[in-house]
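I have placed the structure first, in the form of C-alpha cells, so that the comments after it can refer back to it.
The values are calculated or read from the model by the stated rules, or taken from the named source; none is laboratory data. Worth saying up front: this structure is predicted, and the values here are computed from it rather than measured. Every residue, glycine as well, gets a Cβ built from its backbone with ideal geometry; the counts of neighbours run over all protein chains shown.
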Amino acid sequence: MSRRLSKRPESELASSASAPEHAAAAGRWKALVFIALAQLMVVLDATIVNIALPHAQTDLHISDGNKQWVITAYALAFGGLLLFGGRVGDLWGRKRTFVVGLFGFAAASAVGGAAVNEAMLLSSRAAQGVFGALLAPAALSLLATTFTDPKERAKAFGIFGAIAGGGGAVGLLLGGFLTQYLDWRWTFFVNIPFAIIAALGAFLVIKEPAGGRNRNPLDIPGVFLATLGLVSLVYGFTRAESDGWTDSVTLAMFVATVVLLAAFAFVESRVKAPLLPLRVVTDRNRAGVYSSLGLAIIGMFGLFLFLTYYLQVVQGYSALKTGFAFLPMVASMITGSTQIGARLMNKVPARALMGPGFVVAAVGMLLLTRLEVGSSYTGVILPGMILLGLGMGTAFMPAMSLATHGIEPRDAGVASAMVNTSQQVGGAIGTALLNTIAASATGTYLASHHAPAAAGAAGARLVQAQGLVHGYTSAIWVAVAILAVAAAIALTAINAGRPGVTKVTSESTEDGAAGLDDEVQLPVSMH
C-alpha cells in the first residue's frame, strides 16, 4: 500500500495539499464582503442624515438652534469614544465587538427612524455614535489581521479604501433618493438590513485571529482623559462653526482639549497597560499616515460641503440630482483605489502613491476654484471631481494598509481606531474651518458689492449668489493648500519601503552600534 501511495501523481498531491488553502482564501474574501458592508453603513451615516435633516426638523419641530445637534450628537459620541472602542475590540475580541457594534447600531437606527420628538432623535444619534465607535475600529482591525498576504492585502484594502473615501458621496445620493421618494425616516431604517446581513455573515465566516487579544486591564484614567479630550476637540470645532472662534465656550473647549490630551499622553507614558501604547503613534510611518490622512479629510470636506451647497442653493439641483452629480467622483475614487493603488501597492513604497495621490486631488480641487454662478457641470465641476476622486482613491488605500502594517495583533484595535479618529477629527475641523472661511468671505463680498437699484429683486439675488460662490471658492483655495501640505507630509515623513521588505538599521539591531547605517532589505510577512 505504501508503494501505491508513493506513486500518486505529484499534481494530485499538490491539489489535495492546496485545497485547505483555497478554502481559507475563499473564507477571507467572504469575510471582506461583510466587513466592507459594515464600513459602508458607518460611512454612509456621516452624510445620509444631512440630506434628511430639514424634513426631520419640520416633522419633529426641532428649533434652528438645536438642529445642529442631530449631527453633533453623533460626531461627539463617535469621535470621543473611538480609542475606547478600539481598545474594547482588543480586549473582547474583534469579532465579538464587531457583532455587538452592528446590532447596537441597528437598534439605535430603529429608534431614530421611529422618533416622535427631538429628544428621541438626538438620543438615537448619540447611540449610533457609541456603537459606531465600537464597529469602525473592529472592522479595520479585522481586515488587517485577516489579510496578511501582500497581494490579497492590496486588493482587500483597495476595496476598503474606496468605500471609506467614496461612501460619504454615496450617502448623499442615497439620502436624496430616500428623502425624496420615501420619507426621511428611511435614512435611519436603511441601516437595519445592512447591520443584520453583516452580523449574520460575521457569525458564519469571520474568524477571530489567534493570539490577537489584549487581556490587560482597561486603562480607566486613559479612557476618561482621551474621551473627554476628543469630545472637547470635536465640540470646540463644532461650536466655532456656529458661534465663532472667539466665543468663550469655544476657547474653553480648545484649552480643555490641550490640557486633557497632554494629561492623557503623560498617563499613557506611565501606566503599565495604556489605552493607547505610545509605540503606536510614535512610529514614524504611522504618525505620517495619521497626520496626512487627517489633513486630506479636511480638504475633501471642501468638496462635499461646498459643492452640495453650490449645486442645491446656487444651481437649484434637487437632493436626488445632487447625489447623482457626485457619482463620477465615487467611480473615479473606486478606480483609483482598486486599479491604481491596489495594483501598485506591492511594487512601490506607500509614499510614492500617497504623495502623488494627494497632489492629483489638490489639482482637482484647484479646478473647482474656477466656479462661477453659471458654471457648467461638465466643463468645470466634473473634471475637478474626477481628479479629486482618482487622487484620493489612490492615496487612501496604501494609507489604510500602512496604518495597520507591522502592528502587533494586540494593538490592532487601537491602531485602527487612530485611523478613524484622524478621519473624524479631520471632518470636524474641515466643516468648521472651511465653513467659517466661506461665510467670512461671503460677508466681505456682499458688504462691498451692491446690486443697482434698477436691477430689483433679480439683481439682489444674483449678487447674493455671487457672494456665496465667492465664499465657496475662497474656502476651496484653503482646501487646495491643505491637500498640498498632506502631500508634503506623505512624501517626507513616510519612509516605509514597499510591502514585503523592511529596513534594518543601527536603531533596530541588538547592539545598536554607532556607524551601522547601511540598510539591508529583508523579506517580511504582512502581519
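Results, tabulated for the structure shown:
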quantity	calculated
Exclusive hit being touching a residue at least 24 places away in the same chain (Cβ under 8 Å) and within 28 Å of SER242 (Cβ to Cβ), set GLY471, GLY393, GLY389	GLY471
Test: residue in region 416-427 that is in contact (Cβ under 8 Å) with a residue 24 or more places away in the chain, of a type in the set (A, V, I, L, M, F, W, C) and closer than 17 Å to TYR310 by Cβ	no
Qualifying residue in region 294-313 (condition: of a type in the set (S, T, N, Q), in a helix (DSSP H, G or I) and under 30 Å from LEU462 (Cβ atoms))	yes
Every pair of residues 6+ apart whose Cβ atoms lie under 7 Å, when the first sits in region 26-55 and is charged (D, E, K, R) while the second is surrounded by fewer than 19 Cβ atoms within 10 Å (Cβ to Cβ)	ARG28/GLU152; LYS30/VAL205
Criterion: assigned to a helix (DSSP H, G or I) and closer than 19 Å to GLN39 by Cβ - qualifying residue of ALA110, ALA133	ALA133
Conditions (1) over 23 Å from GLY323 (Cβ atoms); (2) surrounded by fewer than 18 Cβ atoms within 10 Å (Cβ to Cβ): number failed by SER375	(1)
Number of positions in region 457-488 that are surrounded by fewer than 17 Cβ atoms within 10 Å (Cβ to Cβ), under 23 Å from the mean Cα position of the chain (by Cα) and more than 19 Å from ASN435 (Cα to Cα)	1
LEU233 vs. criteria buried (at least 22 other Cβ atoms within 10 Å of the Cβ), within 25 Å of the chain's Cα centre (by Cα) and outside the structural domain of ALA417 (by TED's automatic domain parsing)	yes
Pairs with Cβ under 7 Å, 6+ apart, first in region 193-214 and within 29 Å of PRO274 (Cα to Cα), second modelled with pLDDT of 65 or more and in a loop (DSSP other than H, G, I, E, B)	GLU208/GLY93; ARG213/GLY93
Residue selected from region 405-442 under the condition among the hydroxyl-bearing types (Ser, Thr, Tyr) and crowded, with 24+ Cβ neighbours inside 10 Å, by the criterion nearest to the chain's Cα centre (by Cα)	THR421
ARG284, sole failed condition from (1) in the same structural domain as ILE437 (by TED's automatic domain parsing); (2) at pLDDT 80 or above; (3) within 18 Å of the chain's Cα centre (by Cα)	(3)
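Residues are listed down the side, and each one gets a yes or a no for (1) modelled with pLDDT of 85 or more; (2) part of a loop (DSSP other than H, G, I, E, B):
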residue	(1), (2)
ALA256	yes, no
ALA265	yes, no
LEU275	no, yes
VAL289	yes, no
LEU320	no, no
PHE324	no, no
GLY341	no, no
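The rows are residues; the columns are (1) closer than 21 Å to GLY391 by Cα; (2) of a type in the set (D, E, K, R); (3) touching a helix residue (DSSP H, G or I) at 6+ places or on another chain (Cβ under 6 Å); (4) crowded, with 24+ Cβ neighbours inside 10 Å.
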site: VAL259; (1), (2), (3), (4): no, no, no, no
site: ALA262; (1), (2), (3), (4): no, no, no, no
site: VAL289; (1), (2), (3), (4): yes, no, yes, yes
site: ILE298; (1), (2), (3), (4): yes, no, yes, yes
site: LEU311; (1), (2), (3), (4): no, no, yes, no
site: ALA331; (1), (2), (3), (4): yes, no, no, no
site: GLY336; (1), (2), (3), (4): yes, no, yes, yes
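Quick grid of which residues meet (1) in the same structural domain as GLN312 (by TED's automatic domain parsing); (2) at pLDDT below 85; (3) within 30 Å of GLN312 (Cα to Cα); (4) not in a helix (DSSP H, G or I):
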site: GLN464; (1), (2), (3), (4): yes, no, yes, no
site: GLY467; (1), (2), (3), (4): yes, no, yes, no
site: HIS470; (1), (2), (3), (4): yes, no, yes, no
site: ALA475; (1), (2), (3), (4): yes, no, yes, no
site: ALA479; (1), (2), (3), (4): yes, no, yes, no
site: LEU491; (1), (2), (3), (4): yes, no, no, no
site: LYS503; (1), (2), (3), (4): no, yes, no, yes
site: ALA513; (1), (2), (3), (4): no, yes, no, yes
site: ASP517; (1), (2), (3), (4): no, yes, no, yes
